[in-house]
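The values are calculated or read from the model by the stated rules, or taken from the named source; none is laboratory data. Since the model is a prediction, treat every value here as computed from it, not as a measurement. Note: ideal-geometry Cβ built from the backbone for every residue, glycine included; neighbour counts use all protein chains shown. To get the accessible areas, we keep the full protein, side chains included, count just its heavy atoms, and leave off ligands, DNA and RNA. Shrake-Rupley method; radii C 1.70, N 1.55, O 1.52, S 1.80 Å.
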Amino acid sequence: MEFKLEQGGKTKILLVTESMDELNIQNELYQYLKESEIFKGSLKETYLDLNLNKENFLFLGLGKEKDLTINDVRKAFHKAGKDLMNIKAKNVGISITELGDLDYNEIIAAATEGLLHSEYAFEKHLTEKKVKPTLEEVYFDIPSEEKDKALEAIEETKSLINGIFLARDLVNERAINMYPEILANTAKDNLEDLNVKVDIYDKKAIKDMSMEALLAVSQGSDKEPKFIVMTYNGNPDSEEKIALVGKGLTYDSGGYSLKPSLSMDTMFSDMGGAGTVIGAMKSIAKSKLKKNVVGIIPACENLISGSAYKPGDIIGSMSGKTIEVLNTDAEGRLALADALWYAATEVKADKIINLATLTGACLVALGNTTTGAITNNDKFMDEVYQASKISGEPVWQLPSHPDYKKQIKGDFADLNNTGGKGAGTITAGLFLEEFVDDTPWVHLDIAGTAYIDKPNGYLPKGATGVHVKTLYYLVKNQ
Ligand code: BES
Ligand code: ZN
Ligand code: ZN
């Protein structure tokens, strides 16, 4: 799909809000559609006027102008993209105006994003593809003084989509093809040409660093764990850096605390945090953000075998803290414990954000639309909120006062890896906090949002790639 800032396109998209009394183009038809209540302009509503030898018109509803958000525009254009694909449109023209609180660039970026989203499908394992993209050219008609900024907005959006699609592809791929070594190599293949240094630590190196918690989780698998560190120095003049840490369980069977089959068949997606971090690194590096960022992924599989760790085992960790494994299915926090300690004490990051498909309890509490958050620093949390507002990827902070800590204090080890009944998402988050060494930190539990079982707006069924954008804007606004 190519974007051009000029007039053109056989199909014209007409942007319509519910309060528009008339349109500059096709007004007669519009009046008829409105009066007869065929088309009202509600959000994502479309009406197609298809003409054999003349221009086509796609009326695209945006709802109430005063309520209009960037994310609404993304959703509307995703719908338009799908409609255009249905009529096998090769090119489309859109005349952009400022709407509600949104300026030209915001609307162009959101339109670009929505149209690109409409072409995503994970179909590499289908013998016959279902989604067949047709759109070759998109023409945006905007005032000439807006063009420079619009070009920038389009380029930035393309970088973002690149990262989002990479995250989705990584997470959608099944564990038979996507295990720690492949995850690490794919990160390298995608990032090394973009000025990101990718270091892959193998099992021996992980042992040498005393990452005993990560090792314990990986023990039951024939596939070696990998510890992946991606370093991007976009601002060599500054010492400041932010760490993005992603849970990289390429499969989570639960281990000896075995999951029921119905909960296991999507557990190839338990590296959702890793996918998001790799995707975000790609977007950040492609856009050449002038920031220093380190992406960190503990990657392994949680399986059963004669060498697997067992419920009741007491294990060590890189930090020196000991942990009693009350449940081998609470493995993400173990792998992350070592990764967070590494981020805090080896990388010496000024801020750490981690993303993890960590608890089923988060899915129960917040569902598929909202990510749960735990923090030790309200100011940093606020920065994450600001980023999530721009990205349209909702986040909600959960309470984490010290009383909850009692639930994970151990009797035979320093910590237990589960917190007993109640507040499972919070106690998991507080377990992680034990390993950040006072660094400002936010934990995002994406168990409900990283992988969904039916499409939602521009998010497809399966991996969503959610929070690639949030991380990007968080880094950009540092
Ligand atoms: N990977 C799972 C969490 C999960 C569940 C992600 C559903 C996505 C969808 C995690 O490792 C896990 O199994 N957590 C346990 C923790 C419990 C044993 C304290 C859970 O949520 O049941
Ligand atoms: Zn688990
Ligand atoms: Zn897991």
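Going by the structure shown, is Asp199 open to solvent by less than 50 Å² (accessible area, probe 1.4 Å) and free of Cβ contacts under 8 Å to residues at least 60 places away in the same chain? Yes; evaluated as a whole, the condition is true for this residue.
Regarding Leu415, is this residue among the aliphatic types (A, V, I, L, M), touching a Ser or Thr at 6+ places or on another chain (Cβ under 9 Å), in contact (Cβ under 8 Å) with a residue 40 or more places away in the chain and within 16 Å of ligand 3 (Cβ to nearest atom)? The answer is no for Leu415. If you check Gly422 against the conditions, is it within 16 Å of ligand 1 (Cβ to nearest atom) and without any contact (Cβ under 8 Å) to a residue 60 or more places away in the chain? Yes, satisfied. Within region 210-228, the presence of at least one residue that is open to solvent by 10 Å² or more (accessible area, probe 1.4 Å) and either modelled with pLDDT under 95 or assigned to a strand (DSSP E or B) (or both) is confirmed.
Restricting attention to region 257-267, does a residue exist that is in the same structural domain as Val384 (by TED's automatic domain parsing), away from ligand 1 (no atom under 12 Å from the Cβ), in contact with a strand residue (DSSP E or B) (Cβ under 8 Å, 6 or more places away or on another chain) and within 25 Å of Ala373 (Cα to Cα)?
In the first step, residues of region 257-267 are kept if they are in the same structural domain as Val384 (by TED's automatic domain parsing); the result is 257-267.
Retained after the next criterion (residues that are away from ligand 1 (no atom under 12 Å from the Cβ)): 261.
Applying the additional criterion that residues be in contact with a strand residue (DSSP E or B) (Cβ under 8 Å, 6 or more places away or on another chain) yields none.
There is no residue in region 257-267 that is in the same structural domain as Val384 (by TED's automatic domain parsing), away from ligand 1 (no atom under 12 Å from the Cβ), in contact with a strand residue (DSSP E or B) (Cβ under 8 Å, 6 or more places away or on another chain) and within 25 Å of Ala373 (Cα to Cα).
Within region 436-457, can you find the residues that are among the hydrophobic types (A, V, I, L, M, F, W, C), under 9 Å from Gly372 (Cβ atoms) and not in a strand (DSSP E or B)?
Start the filter on region 436-457 by keeping residues that are among the hydrophobic types (A, V, I, L, M, F, W, C), which leaves 436, 441-442, 444, 446-447, 450, 452.
Cutting the leftovers down to under 9 Å from Gly372 (Cβ atoms) gives us 444, 446-447.
Result: Ile446, Ala447.
Report whether or not Ala299 is closer than 15 Å to Ser253 by Cα, in contact with a Pro (Cβ under 9 Å, 6 or more places away or on another chain) and aliphatic (A, V, I, L, M).
On the way: closer than 15 Å to Ser253 by Cα: yes; in contact with a Pro (Cβ under 9 Å, 6 or more places away or on another chain): yes; aliphatic (A, V, I, L, M): yes.
Yes, satisfied.
Got a sec? Which of Gly63, Gly9 is in contact with a Ser or Thr (Cβ under 7 Å, 6 or more places away or on another chain), open to solvent by less than 60 Å² (accessible area, probe 1.4 Å), within 28 Å of Lys158 (Cα to Cα) and among the small types (Gly, Ala, Ser)? Just a single option satisfies the conditions, and that option is Gly63.
Taken together, the residues in region 270-293 that are touching a helix residue (DSSP H, G or I) at 6+ places or on another chain (Cβ under 8 Å) and open to solvent by 10 Å² or more (accessible area, probe 1.4 Å) amount to 5.
The residues on offer are Ala335, Ala343, and the sole one that is more than 15 Å from ligand 1 (Cβ to nearest atom) and either open to solvent by 40 Å² or more (accessible area, probe 1.4 Å) or on the phi < 0 side of the Ramachandran plot (or both) is Ala343.
Ser19 meets each of the listed conditions (1) under 28 Å from Ser391 (Cβ atoms); (2) not in a loop (DSSP other than H, G, I, E, B) apart from (2). Any residue in region 301-314 that is over 19 Å from Ala450 (Cβ atoms) and in contact with an Asp or Glu (Cβ under 6 Å, 6 or more places away or on another chain)? Checked region 301-314: at least one residue is over 19 Å from Ala450 (Cβ atoms) and in contact with an Asp or Glu (Cβ under 6 Å, 6 or more places away or on another chain).
Identify the residue in region 83-117 that is within 22 Å of the chain's Cα centre (by Cα) and not aliphatic (A, V, I, L, M) and, among all such residues, is surrounded by the fewest Cβ atoms within 10 Å (Cβ to Cβ). Walk me through how you get there before you give the answer.
So in region 83-117, the residues within 22 Å of the chain's Cα centre (by Cα) come out as 106-117.
Then keep just the ones that are not aliphatic (A, V, I, L, M); that gives 106, 112-114, 117.
Numbers: Glu106: 18, Thr112: 25, Glu113: 27, Gly114: 25, His117: 22.
Applying the filter and picking the extreme gives Glu106.
Within region 352-362, the set of residues being within 16 Å of ligand 3 (Cβ to nearest atom), crowded, with 19+ Cβ neighbours inside 10 Å and either more than 14 Å from the chain's Cα centre (by Cα) or not assigned by TED's automatic domain parsing to the domain that holds Ala428 (or both) comprises Leu358, Thr359, Ala361, Cys362.
Which of the residues spanning region 443-463 are more than 11 Å from ligand 1 (Cβ to nearest atom) and buried (at least 24 other Cβ atoms within 10 Å of the Cβ)? Step through it out loud before you land on a result.
Initially, region 443-463 is screened for residues more than 11 Å from ligand 1 (Cβ to nearest atom), giving 443-444, 454-463.
Selection gives His443, Leu444, Tyr458, Ala463.
Residues in region 243-269 that are open to solvent by 10 Å² or more (accessible area, probe 1.4 Å), aliphatic (A, V, I, L, M) and either more than 10 Å from ligand 3 (Cβ to nearest atom) or within 18 Å of Asn162 (Cβ to Cβ) (or both): 3 in all. The residues of region 389-418 that are hydroxyl-bearing (Ser, Thr, Tyr) and in contact with a His (Cβ under 8 Å, 6 or more places away or on another chain) amount to a single one, Ser391.
Note on region 141-175: residues that are among the charged types (D, E, K, R) and surrounded by 20 or more Cβ atoms within 10 Å (Cβ to Cβ) total 3. Considering (1) open to solvent by 20 Å² or more (accessible area, probe 1.4 Å); (2) under 19 Å from Pro180 (Cβ atoms), the lone condition that Pro311 does not fulfil carries the number (2). Just one of the numbered conditions (1) within 15 Å of ligand 3 (Cβ to nearest atom); (2) more than 19 Å from Asn190 (Cβ to Cβ); (3) not basic (Lys, Arg) is not true of Gly306: (1).
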